[in-house]
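Taken together, the values in this text are just the output of simple stated rules run on the coordinates, not laboratory data. Treat the numbers as computed from the prediction; the structure is a model and nothing was measured. Cβ placement follows ideal geometry from the backbone for every residue including glycine, while neighbour counts extend to all protein chains displayed.
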Ligand SMILES: [Cu+2]
């Protein structure tokens with residue numbers, strides 16, 4: 001066996017490792033098609049409970065910025081709909097927020113009455129879904145047979161307001177990157 005074969009295997013393993021990391025950072029549209037609103041009273045608790053969030057997932061708030069905004073708040077302020085001391089504020093109408101820690105992430109709309117009307121969401125990331133700090137490089141055979149697990153390797157977090165339009169809901173960005181990585185690996189192995 002020459003060095004070339006070993007190198008090709010190494011490159012393929014690297015591609016798979018990157019693929020696993022990219023594929024597990026999901027992008028979710030808050031409220032799905034309804035977006036971030038009080039119109040139609042979307043049930044954001046139901047929405048959040050229908051997902052399984054992981055560290056480094058991205059939630060996108062889409063709304064009319066004349067009528068809404070997004071405030072990250074403490075648990076107490078979330079409960080009381082207190083918008084007076086937010087931890088962070090977004091107001092572009094299309095805001096991508098990276099969930100970079102485990103635990104609960106509390107958001108509400110700061111416009112008068114909106115939080116009380118239900119425009120608030122508690123996005124919880126279970127501790128067990130924390131990203132591993134350093135994943136050891138797997139054997140090529142093991143890598144080929146294993147599925148990406150819930151944990152993501154740390155990906156650089158985009159700026160909250162960076163290129164929101166480039167982030168559609170779902171995993172299509174990850175899928176696109178995954179596809180190009182797979183063709184790269186195939187080309188190297190050919
Ligand atoms: Cu609002």
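Please indicate, with yes or no, whether at least one residue in the stretch 39-47 is in contact (Cβ under 8 Å) with a residue 24 or more places away in the chain, touching a helix residue (DSSP H, G or I) at 6+ places or on another chain (Cβ under 8 Å), within 12 Å of the ligand (Cβ to nearest atom) and over 14 Å from residue 90 (Cβ atoms).
Yes, the stretch 39-47 has at least one match.
Considering only the stretch 58-82, how many residues are surrounded by fewer than 14 Cβ atoms within 10 Å (Cβ to Cβ) and under 18 Å from the mean Cα position of the chain (by Cα)?
0
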